[in-house]
1. Here is a list of conditions, (1) buried (at least 16 other Cβ atoms within 10 Å of the Cβ); (2) over 13 Å from the mean Cα position of the chain (by Cα), and residue 48 meets all of them except one; can you say which number that is?
2. Which of the residues belonging to region 9-43 are over 16 Å from residue 84 (Cβ atoms) and open to solvent by 80 Å² or more (accessible area, probe 1.4 Å)?
3. For region 27-58, what are the residues that are of a type in the set (S, T, N, Q) and free of Cβ contacts under 8 Å to residues at least 12 places away in the same chain?
Amino acid sequence: MKKFKRLRSVRKSASEQGLIFYSCLCYRNQPPAVRQKIDNLCESVGGKYAPALREYMTTLGDWAYICEKHHISASTLDRLRRDFYNRW
């Protein structure tokens, strides 16, 4: 199960990162404006890898499974996640 862990490479406080993490995990319960923000960030940050980034950010899916399913390297997904947090 995926748990929140502060990312040192992100220029946000632990509480801000936690807010982003749990906002994304509660995607289905968010108001339309927040869901649209998450979708737009995934599109702008992820480009052709937006579906992989969206799945990783909004589900409890396993990192390795998502990488394999979307044919993306772990380092690329990690970079996209970091950029997602920084642009939030």
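1. Just one mismatch for residue 48, condition (1).
2. 15, 28, 29, 32
3. So the first thing to find is which residues in region 27-58 are of a type in the set (S, T, N, Q), and the list is 29-30, 36, 40, 44, 58.
Answer for region 27-58, where residues must be of a type in the set (S, T, N, Q) and free of Cβ contacts under 8 Å to residues at least 12 places away in the same chain: 29, 30, 36, 40.
The values are calculated or read from the model by the stated rules, or taken from the named source; none is laboratory data. Just so it is clear, the model here is predicted, and its values are computed rather than measured. Cβ atoms come from the backbone with ideal geometry, glycine included; neighbour counts cover every protein chain shown. Accessible surface areas use protein heavy atoms only, side chains included; no ligands, DNA or RNA. Shrake-Rupley method; radii C 1.70, N 1.55, O 1.52, S 1.80 Å.
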